[in-house]
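S.K.: Below is the structure I would like to discuss, written out as structure tokens.
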Amino acid sequence: MSLSSQVRVGVRVRPLSHTEGKEILEVSEDDKSIEVTGKRFSYDYVFQPHVSQEQLYESVKPLLNSFLDGYNATIMAYGQTGSGKTFTMGSGLHGDFTEATGLIPHFMRDIFANLPDTIELTASFLEVYGEDIHDLLDPSRPSLPIREDSNGGIVCAGLTCKTISNCEEA
């Protein structure tokens, strides 16, 4: 099994805000673990606060090749409010790519750069918040159910799917 087909877990350490006190965690020298109040937690990757969006994208970019080869690929941001999920994922690109451009716009740019024009893509955008699933393409954002279809696949009933033909539409 190649590295690109295995589940890996990484944590991104965000910088402290100006209202927060002193740093309470230490990152190991090999960027594989963090220590918080005497407890050590190990990960495949620890991205320190100085890691740029581009460096982060380059570390997860191998998932793009797996996706283009027909495999499922998932990057999930998890954390409490204010922990940097939206910044890291960068769900909106307004204008040109900048230092702050997140993972989603990077992936969309590279997907369209590598796909033949004859392939049609559909996209959906959802948020799992607590035990609720919200359709981020539906302004009313109702909570949606997850179900198993007749083929054993998992579907989110009522989720909006839109055809996209370029990075700007995504």
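The values are calculated or read from the model by the stated rules, or taken from the named source; none is laboratory data. Everything numeric in this text was worked out from a predicted model, so none of it was measured. Note that we place each Cβ from the backbone using ideal geometry, even for glycine, and neighbour counts take in every protein chain shown. What goes into the accessible areas is simple: the full protein's heavy atoms, side chains included, and nothing from ligands, DNA or RNA. Shrake-Rupley method; radii C 1.70, N 1.55, O 1.52, S 1.80 Å.
S.K.: Give region 80-94 a look and list any residue that's open to solvent by 40 Å² or more (accessible area, probe 1.4 Å) and either in contact with a His (Cβ under 6 Å, 6 or more places away or on another chain) or at positive phi (or both), or say none.
M.R.: Of everything in region 80-94, just one residue is open to solvent by 40 Å² or more (accessible area, probe 1.4 Å) and either in contact with a His (Cβ under 6 Å, 6 or more places away or on another chain) or at positive phi (or both), namely Gly82.
S.K.: Of a type in the set (S, T, N, Q) and farther than 22 Å from Thr86 by Cβ: does that describe Thr19? Break it down stepwise before answering.
M.R.: Numbers: of a type in the set (S, T, N, Q): yes; farther than 22 Å from Thr86 by Cβ: no.
When the stated conditions are applied, Thr19 does not pass them.
S.K.: Looking at Tyr71 and the list (1) under 27 Å from Gly10 (Cα atoms); (2) free of Cβ contacts under 8 Å to residues at least 60 places away in the same chain; (3) among the hydroxyl-bearing types (Ser, Thr, Tyr), which single condition is not satisfied?
M.R.: (2)
S.K.: Which of the numbered conditions does Asp138 fail, given that it passes all the others? Conditions: (1) without any contact (Cβ under 8 Å) to a residue 24 or more places away in the chain; (2) open to solvent by 90 Å² or more (accessible area, probe 1.4 Å); (3) in contact with a Ser or Thr (Cβ under 7 Å, 6 or more places away or on another chain).
M.R.: The number of the failed condition is (2).
S.K.: Can you find, within region 24-68, the residue that is nearest to Ile111 (Cα to Cα) among those that are basic (Lys, Arg) and open to solvent by 80 Å² or more (accessible area, probe 1.4 Å)? Walk me through it before giving the result.
M.R.: The first filter runs over region 24-68 and keeps only residues basic (Lys, Arg), leaving 32, 39-40, 61.
Filter again for open to solvent by 80 Å² or more (accessible area, probe 1.4 Å), leaving 32, 39-40.
Values: Lys32: 29, Lys39: 40, Arg40: 37 Å.
The qualifying residue nearest to Ile111 (Cα to Cα) is Lys32.
S.K.: Would you please list the contacts, defined by Cβ atoms under 7 Å and residues six or more apart or on different chains, that run from a residue in region 20-48 that is more than 26 Å from Val7 (Cβ to Cβ) to a residue that is in a strand (DSSP E or B) and of a type in the set (Val, Ile, Thr)?
M.R.: Ile24/Val36
Condition check ((1) open to solvent by 100 Å² or more (accessible area, probe 1.4 Å); (2) hydroxyl-bearing (Ser, Thr, Tyr); (3) under 29 Å from Ser17 (Cβ atoms); (4) free of Cβ contacts under 8 Å to residues at least 60 places away in the same chain) across all residues:
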position: Tyr78; (1), (2), (3), (4): yes, yes, yes, yes
position: Asp96; (1), (2), (3), (4): yes, no, yes, yes
position: Thr101; (1), (2), (3), (4): no, yes, yes, yes
position: Ile111; (1), (2), (3), (4): no, no, no, yes
position: Thr122; (1), (2), (3), (4): no, yes, no, yes
position: Asp132; (1), (2), (3), (4): no, no, yes, yes
position: Ser143; (1), (2), (3), (4): no, yes, no, yes
position: Thr160; (1), (2), (3), (4): no, yes, no, yes
position: Asn166; (1), (2), (3), (4): no, no, no, yes
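S.K.: Considering every residue within region 40-58, establish whether at least one is under 12 Å from Leu103 (Cβ atoms) and hydrophobic (A, V, I, L, M, F, W, C).
M.R.: Yes, some residue in region 40-58 is under 12 Å from Leu103 (Cβ atoms) and hydrophobic (A, V, I, L, M, F, W, C).
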